[in-house]
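Below you'll find the structure, written out as structure tokens, and then a few comments.
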Amino acid sequence: MLTLGKKERIEHQVIDYLNQQGEPVFIEISTSLLNDSGGKIIGAIADIRDITLRKRMEELMIRVDKLASLGELSAGIAHEIRNPLAGMKTSIQVLAKKLTSPSQQVLIEGVLSEINRLNRIVTDLLKFSGPSPTFPVSVDIKVILENTLNLLMEKIKKLNIKIVQQYDHIVPIAFLDREQIQQVFLNLTLNAVNAMPEGGTLTISIKMVKDQDRIKEKITQAFDLAFLMENKYMAVSFTDTGSGIKKENLARIFNPFFTTDPNGTGLGLSIAHKLLEKNNAYIYIDSKEGKGCHVTLMIPMADESQNSLPEPSLERQEKRK
């Protein structure tokens, strides 16, 4: 109608909307006028394309390049900061033994607190720039999720948050690093809980992924041959009823140091992305401001040869130390 009304063609106009699952879909529209042999306008032609996959791939390319370059920079900065921090902390601790008045002790404790905070940021930087080696094993995702919820249950109850678990009747065994995936789950669950300070609902779901085309539309990673195998991944989702993410912030959430939390370092999702990448897992986040947040992980399943659940070996534990 717009093309016919203004008698102008439209080129590559992108519109987005939420589908029935509450997920954003991107459509590109191009139109042109249709003329008869005498040049009279008799209608219009529209070319409508679903470019959701292309948009996600473009976002991924930008994100991966940015994370790679920032990772190298962060490693150098972190090492340069950590050594002076250690010296400062030691000096302040020595000074604390000599300054005994209450007012002096308050100042000393304040300085030590800030040094410890900086040290935590440096530690997060090092985790982001060079995560620990990955030791994938067969793991029961339900158990890892249960452990995660137990760790945060006191805060969950305090904030009056309802937990809804929607798991497939049969949940397959996953194949990844047990400690690293727990760190990811902990980060995502904590983000969801913090987004609902007045209470709400956190829904955690585990579903088998059978539709290959569906995966390709959703995953924001380059695809390899293993990715084309049917029933290779399961989807683990965290959906909260919090305040959601502003549209202008959604593209920045994986950027190191980006945060809207005054007490956060802005490295949680960056580290989660790195850890998932090392485990051949994938993440995407959909959100609308005021409508909560929907985070989905695609977790690799164990094949038949990996389907047992061994305890971590002594050798593996020693490597982690």
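The values are calculated or read from the model by the stated rules, or taken from the named source; none is laboratory data. A quick note: this is a predicted structure, and the numbers were derived from the prediction, not measured. No Cβ is skipped: glycine too gets one built from the backbone with ideal geometry, and neighbour counts run over all protein chains shown. What goes into the accessible areas is simple: the full protein's heavy atoms, side chains included, and nothing from ligands, DNA or RNA. Shrake-Rupley method; radii C 1.70, N 1.55, O 1.52, S 1.80 Å.
Residues being more than 16 Å from residue 181 (Cα to Cα) and not in a loop (DSSP other than H, G, I, E, B) are represented in segment 249-272 by at least one member. Annotation note: Cβ proximity below 6 Å between a residue of segment 33-53 that is over 18 Å from residue 7 (Cβ atoms) and touching a residue at least 12 places away in the same chain (Cβ under 8 Å) and a residue that is open to solvent by 50 Å² or more (accessible area, probe 1.4 Å) and polar (S, T, N, Q) (sequence gap 6+ or interchain) occurs for no pair.
Report yes if some residue within segment 285-302 is farther than 19 Å from residue 192 by Cα, at pLDDT 75 or above and basic (Lys, Arg); otherwise report no. No.
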